[in-house]
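Trainee: The structure follows.
The values are calculated or read from the model by the stated rules, or taken from the named source; none is laboratory data. No experiment lies behind these values; they were computed from the predicted model shown. Counting neighbours? That spans all protein chains shown, and the Cβs are built from the backbone with ideal geometry, glycine included. Heads up: the accessible areas ignore ligands, DNA and RNA and are worked out on the full protein's heavy atoms, side chains in. Shrake-Rupley method; radii C 1.70, N 1.55, O 1.52, S 1.80 Å.
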Amino acid sequence: MLLVSGTAGEAGLTGTLYEPGEEPPSYRGAPEEGAPYVWVCDAFYEVESGGKPQTIGDRTLRIAFESPAPRGFPDQAAALSAAKDHVRTQFARLGVPESEVDITVERPDG
């Protein structure tokens with residue numbers, strides 16, 4: 001399992017990349033069985049009211065989350081590329097330039 005995280009200002013988003021031999025969560029919308037790599041991550045967007053306040057740079061935004069977006073991939077390189085793109089896209093939805101998003105990839109067990 002790999003955690004792919006993105007941060008910008010005080011806002012952060014972390015998704016999980018399940019590797020071969022690991023069992024990703026099973027729920028409606030999950031990729032078909034047999035995908036060796038499965039990426040699962042929330043998506044977010046700015047809302048006028050409600051949501052959770054987050055500070056990005058000098059702006060405070062209200063952010064709402066969508067359901068996780070599971071996707072299956074044939075290999076780790078494709079999965080990591082898509083995971084990083086997904087994280088960058090979420091911040092772009094809030095007007096954050098790609099250059100301001102710090103992305104890390106880590107294995108939680110060290």
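Trainee: Out of all the residues in segment 23-38, which are open to solvent by 40 Å² or more (accessible area, probe 1.4 Å), at pLDDT below 90 and more than 17 Å from the chain's Cα centre (by Cα)?
Mentor: Glu23, Ser26, Tyr27, Arg28, Glu32, Glu33, Gly34 - these are the residues of segment 23-38 that are open to solvent by 40 Å² or more (accessible area, probe 1.4 Å), at pLDDT below 90 and more than 17 Å from the chain's Cα centre (by Cα).
Trainee: Take Asp42 and tell me if it is on the phi < 0 side of the Ramachandran plot and either at pLDDT 90 or above or out of contact with any strand residue (DSSP E or B) (no Cβ under 8 Å at 6 or more places or on another chain) (or both). Before you say what the answer is, go through the steps one by one.
Mentor: Details: on the phi < 0 side of the Ramachandran plot: yes; either at pLDDT 90 or above or out of contact with any strand residue (DSSP E or B) (no Cβ under 8 Å at 6 or more places or on another chain) (or both): no.
Judged against the criteria, Asp42 is not a match.
Trainee: Right, next: Show me the strands (runs of 3 or more DSSP E) found entirely inside segment 54-110 where at least 1 residues are modelled with pLDDT under 90. Give the derivation first.
Mentor: Values: elements: 59-66, 71-73, 102-106.
Where strands (runs of 3 or more DSSP E) fall fully within segment 54-110 and carry at least 1 residues being modelled with pLDDT under 90, they are 59-66, 71-73.
Trainee: Answer yes if at least one residue in segment 11-22 is of a type outside the set (Val, Ile, Thr), touching a residue at least 24 places away in the same chain (Cβ under 8 Å) and open to solvent by 80 Å² or more (accessible area, probe 1.4 Å), and no otherwise.
Mentor: no
Trainee: Can you say whether Ala35 is assigned to a loop (DSSP other than H, G, I, E, B), of a type in the set (A, V, I, L, M, F, W, C) and touching a Phe, Trp or Tyr at 6+ places or on another chain (Cβ under 8 Å), as far as the supplied structure shows?
Mentor: Yes: the conditions hold for Ala35.
Trainee: Residues in segment 41-49: is at least one among the hydroxyl-bearing types (Ser, Thr, Tyr) and not in a strand (DSSP E or B)? Reasoning before the result, please.
Mentor: Of the residues in segment 41-49, the ones among the hydroxyl-bearing types (Ser, Thr, Tyr) are 45, 49.
Right, trim to not in a strand (DSSP E or B) and you get 49.
Within segment 41-49 (the criterion being among the hydroxyl-bearing types (Ser, Thr, Tyr) and not in a strand (DSSP E or B)), the answer is yes, since at least one residue qualifies.
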